[in-house]
Amino acid sequence: MEYNNVLVEIEDKVALVTINRPKQLNALNAETISELSNCFETLEQNKSVRAILLTGSGEKSFVAGADIKEFASFGKEQGAELSRRGHNQLFNKVENLTKPVIALINGFALGGGLELAMSCHYRFASENAKLGLPEVGLGVIPGYGGTQRLPQLVGKGRAMEMIFTAKMVSAKEACEMGLVNDVVAPDDLLELGKKSAKAITRNSGNAIAEAIKAVNAGYEFQNHGLEKEIEHFGNCFGTPEFKEGTGAFLEKRKPNFD
Ligand code: CAA
């Protein structure tokens, strides 16, 4: 598998997928989303793969979000379409993949980055990781499933606090609230992921696929919420506050929402 922004290695039935745009802190542009989509489809078909690890390249970032430069000029319809395409191409696909996907959060997991990690079946983080949904600081809401999957993982109150304040939490705090399962030193993160994936490969792949379907079925009622997220995400696009928020990021200044 050859991609511009994604690296894939397969060893001992475990695939390691690395998002590789380190200069942009692995931000998810359309090409990366499309490559990841293709990569997960291919790995699902590959009978020699039983578990998948997903991480970001470099020491600084897992994924710093959707690529703000790509959508800053979008209006309402394009915004909703961006969200819908993301759900269909990648985020729902990862969640429903019939092989376990474990996120290894090696640094910033912000916005679409945390949303991607939350689409994975579970998550480990390194001690330097920082997690958050900073979208409201850009004049928009989380649009890749964050409004639904964060409350599932940490409860409605904590999720609303994180979404409204746009604050980042440390790996330790994320672990305490159930957002990640374990935290280790940066150098030990890959080993922890491999150990967990190895344990998976010793069990019945068929039974695990059925377990994923059964667990996810319990959350199907929230599909309505995902539809509403697309609508409300789109509503934010093109507004004066959206232009101020995204413009401030591009101009490297603080936004003014007074
Ligand atoms: N989109 C596009 N480019 C990004 C990016 C993003 N989400 N995050 C970082 N980059 C780029 C920066 O623009 C910068 O590029 P240049 O060198 O060309 O200027 C490069 O990556 C390095 O970033 P910084 O210089 O900003 O690095 P820093 O260490 O000073 O700050 C950071 C790190 C706090 C993560 C900061 O980059 C940041 O705040 N990034 C944006 C985080 C964010 O708001 N994510 C949410 C995106 S919206 C979203 O995801 C919507 C959705 O739900 C669908």
Report task. Work out the FRET efficiency for residue 11 and residue 227 from their Cβ-Cβ distance, taking R0 = 35 Å, and round it to the nearest 0.05. Result -> 0.35
Requested in this report: Before anything else, pin down the relative contact order of the chain: Cα pairs under 8 Å, at least 6 apart, normalised by residue count, whole percent.
Outcome: 21
Requested in this report: Pull out a ≥ b ≥ c, the square roots of the eigenvalues of the alpha-carbon gyration tensor of segment 122-258, then state rounded if a/c is under 1.5, prolate if not and a/b is larger than b/c, and oblate in the remaining case.
Outcome: oblate
Report summary line: residue 177 neighbourhood, Cβ < 15 Å, K/R = +1, D/E = -1, net charge +3
**Report entry** Built amide H within the under 5 Å cut-off of residue 182, gap 5+
**Finding:** 125
Requested in this report: DSSP loop (so not H, G, I, E, B), at most 16 other Cβ within 10 Å: list which GluC sites (Glu not before Pro) in segment 1-99 pass both filters.
Outcome: 2, 59
Report task. Provide 188, 12 in ascending order of the number of other Cβ atoms located within 10 Å of each residue's Cβ, fewest first. Result -> 12, 188
Report summary line: Counting Lys and Arg as +1 and Asp and Glu as -1 over every other residue whose Cβ sits under 15 Å from the Cβ of residue 26, the net charge comes to -1
Report task. Determine the gain in length on full extension of the stretch residue 78-residue 211; use 0.36 nm per residue of separation and subtract their C-alpha separation, reporting nm with one decimal. Result -> 44.3 nm
Report task. Taking H placed 1.01 Å from N in the peptide plane, check which residues at least 5 places from residue 130 or on another chain put their amide H under 5 Å from its amide H. Result -> 107, 108, 109
Query raised in the report: Measuring from label point to label point, each 7 Å out along Cα→Cβ, what is the residue 254 to residue 241 span in nm?
Result: 1.8
Query raised in the report: Taking the highest mean first, how do the peptides 102-115, 132-145, 194-207 order by number of other beta carbon atoms within 10 angstrom per residue?
Result: 102-115, 132-145, 194-207
Query raised in the report: When we measure straight from the Cα of residue 93, which lysines land under 21 angstrom away, once same-chain ones fewer than 8 places off are left out?
Result: 13, 47, 213, 228
Report task. Can you pull the one-decimal nm distance between simple spin-label points at residue 198 and residue 2, each 7 Å off the Cα toward Cβ? Result -> 3.3
Report summary line: The set of residues whose placed amide H lies less than 5 Å from the amide H of residue 67, leaving out same-chain residues fewer than 5 positions away, is 28, 29
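Read-outs: derived from the displayed coordinates by stated rules, not from any lab. Keep in mind that this is a model prediction, so the values were computed, not measured. Every residue, glycine among them, receives a Cβ derived from its backbone with ideal geometry; neighbour counts consider all protein chains shown.
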